[in-house]
Amino acid sequence: MSSNSPNLKDYSLASLRDRFSEEGIPAYRANQVMAWLYQRDVDDLDLMTDLSVELRAALAERYETRAVEVAQADQSSDGTRKLALTTHEGHRIEAVIIPEARRNTLCISTQVGCPLACDFCATGTMGLTRNLTTAEIVDQVCRAKGCLDEEDGVISNVVFMGMGEPLLNLAAVKEAIAIMTDPRGMALAPRRITVSTAGVVPRIPELIEIGPINLAVSLHATTNEVRDVLVPINRKFPLEVLLETLRKDPNVNKKRPVFFEYTLLEGMNDSLEDADRLPDLVRGIPCKINLIPANPHPGSRYRAPEQDVMDRFAARVHEHGMRVTLRRSRGADIAAACGQLANA
Ligand code: SF4
């Protein structure tokens, strides 16, 4: 078997049942394999004792079960852990475990690098090497689970906000979400999954119709002029196109608000005029606004505004009746914070 072999983690339960049927393996065997992989966290086929010895040997000959390995794990002073993971051919990607009381949010990657070149983002300077496979996406969760002790608690939330633009790898992302939310897979409630996009507008409806997952949109600016610089895909899908799509989508509603991510960059998008424009811009879209202090990375010309400027900005947006949160940055000392993931 080579690393080009198919991986059992590439398949949702429905796909694995189909695949097994085509191979003459009873479809119910897929349920057993899923339970081992994701509920018992066992990926050694030899240990899957409710499968016959012959079936275990046949599967081991044809399939991989691991897709990424932990090359390095760093822990921040605030408890955030950054995992540097390698694919079979040696590409490095990153996942970040963000602990909260007895539970953990895991931020995962969807591409090696990213083609969208957002101006404040370390990943954006790398360009795109390739899309990750479903197995490589799902296995980030499996490896992260393996890094947690019992007292750390479980992975309760998954956010697709690491390296890459998830909507440019939508087929693999959808299959990964199917595995994560399947009660016989990782059994995460869909509302515990958040997928972020920089604004690949034509693919947003297809993503949010798959189920009640959360959509996060990287807004970062209140004018096309500034957003064209910060998030260059805005030149293709400008603010009015992005926001009108969200306004019209029936899957965006009070029960499923959009999370607008707005990274505060000193002198770029942090003025009170911006704070006044922002609520007008998103009016009519059920939403919450997350303000994120910029995280520095080598070569970046941006930095976060002073705390009082960020506080004033948040208060002003709130005065307009918006639901707004000023986030604190997590893991900045190990380059694990938003916009810092670049194999540093
Ligand atoms: S912010 Fe996201 S979409 Fe933009 S370059 Fe970075 S990883 Fe890609």
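The values are calculated or read from the model by the stated rules, or taken from the named source; none is laboratory data. Remember, predicted model here, so these are calculated numbers, not experimental data. Methodologically, a virtual Cβ is constructed for each residue, glycine included, from the backbone with ideal geometry; neighbour enumeration extends over all protein chains shown. The accessibility values were calculated without ligands, DNA or RNA, using every heavy atom of the protein model including side chains. Shrake-Rupley method; radii C 1.70, N 1.55, O 1.52, S 1.80 Å.
Looking at the range 34-80 only, could you name the residues that are of a type in the set (Ser, Thr, Tyr) and without any contact (Cβ under 8 Å) to a residue 40 or more places away in the chain? Show your work before the answer.
Taking the range 34-80 as the starting set, the residues that turn out to be of a type in the set (Ser, Thr, Tyr) are 38, 49, 52, 63, 65, 76-77, 80.
Across the range 34-80, the qualifying residues are Thr49, Ser52.
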Conditions (1) surrounded by fewer than 15 Cβ atoms within 10 Å (Cβ to Cβ); (2) within 23 Å of the chain's Cα centre (by Cα): number failed by Arg235: (2)
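Mind telling me which of the residues Arg303, Arg330 ends up being assigned to a loop (DSSP other than H, G, I, E, B), open to solvent by 50 Å² or more (accessible area, probe 1.4 Å) and modelled with pLDDT under 95?
Numbers: Arg330 fails: open to solvent by 50 Å² or more (accessible area, probe 1.4 Å).
The unique qualifying residue is Arg303.
Working only within the range 210-232, note down all residues that are without any contact (Cβ under 8 Å) to a residue 40 or more places away in the chain, open to solvent by less than 10 Å² (accessible area, probe 1.4 Å) and either closer than 28 Å to Lys145 by Cα or of a type in the set (Asp, Glu) (or both).
Going through the range 210-232, the residues without any contact (Cβ under 8 Å) to a residue 40 or more places away in the chain turn out to be 210-211, 213, 224-225, 227-228.
Remaining after also requiring open to solvent by less than 10 Å² (accessible area, probe 1.4 Å): 213, 227.
Answer for the range 210-232, where residues must be without any contact (Cβ under 8 Å) to a residue 40 or more places away in the chain, open to solvent by less than 10 Å² (accessible area, probe 1.4 Å) and either closer than 28 Å to Lys145 by Cα or of a type in the set (Asp, Glu) (or both): just Ile213.
The rows are residues; the columns are (1) surrounded by fewer than 18 Cβ atoms within 10 Å (Cβ to Cβ); (2) of a type in the set (Asp, Glu); (3) within 13 Å of the ligand (Cβ to nearest atom).
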| site | (1), (2), (3) |
| --- | --- |
| Ser76 | no, no, no |
| Arg81 | no, no, no |
| Glu94 | no, yes, yes |
| Ala101 | yes, no, no |
| Ile108 | no, no, yes |
| Pro115 | yes, no, yes |
| Thr123 | no, no, yes |
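I'd like to check which strands (runs of 3 or more DSSP E) are fully inside the range 116-232 and have at least 2 residues that are of a type in the set (A, V, I, L, M, F, W, C). Talk me through it step by step, then tell me what you get.
Working: elements: 127-131, 154-160, 193-197, 214-218.
Qualifying strands (runs of 3 or more DSSP E): 154-160, 193-197, 214-218.
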When every residue in the range 204-226 that is more than 13 Å from the ligand (Cβ to nearest atom) and in contact with a Ser or Thr (Cβ under 8 Å, 6 or more places away or on another chain) is compared, the one farthest from Glu273 (Cα to Cα) is Gly211
List, please: which pairs have Cβ atoms under 7 Å, are six or more places apart or on different chains, and start with a residue in the range 124-153 that is more than 17 Å from Thr80 (Cβ to Cβ) and end with one that is open to solvent by 70 Å² or more (accessible area, probe 1.4 Å) and modelled with pLDDT of 95 or more? Asp139/Arg66; Cys142/Asp41
Scan the range 128-141 for residues that are more than 10 Å from the ligand (Cβ to nearest atom) and either among the polar types (S, T, N, Q) or open to solvent by 20 Å² or more (accessible area, probe 1.4 Å) (or both) and report the count. 6
List the residue pairs whose Cβ atoms are under 7 Å apart, where the first residue sits in the range 196-209 and is in contact (Cβ under 8 Å) with a residue 60 or more places away in the chain, the second is assigned to a helix (DSSP H, G or I), and the two are 6 or more positions apart or on different chains. Ser196/Pro166; Ala198/Ile233
Can you run down the residue pairs with Cβ atoms below 7 Å, 6 or more apart or on separate chains, where the first is in the range 172-185 and outside the structural domain of Ile210 (by TED's automatic domain parsing) and the partner is surrounded by 21 or more Cβ atoms within 10 Å (Cβ to Cβ) and among the β-branched types (Val, Ile, Thr)? none
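Which residue out of Leu242, Leu265, Leu291 is farther than 21 Å from Met126 by Cβ, surrounded by 19 or more Cβ atoms within 10 Å (Cβ to Cβ), within 15 Å of the ligand (Cβ to nearest atom) and at pLDDT 95 or above? Spell out how you get there, then give the answer.
Numbers: Leu265 fails: farther than 21 Å from Met126 by Cβ; Leu291 fails: within 15 Å of the ligand (Cβ to nearest atom).
So the residue among Leu242, Leu265, Leu291 that is farther than 21 Å from Met126 by Cβ, surrounded by 19 or more Cβ atoms within 10 Å (Cβ to Cβ), within 15 Å of the ligand (Cβ to nearest atom) and at pLDDT 95 or above is Leu242.
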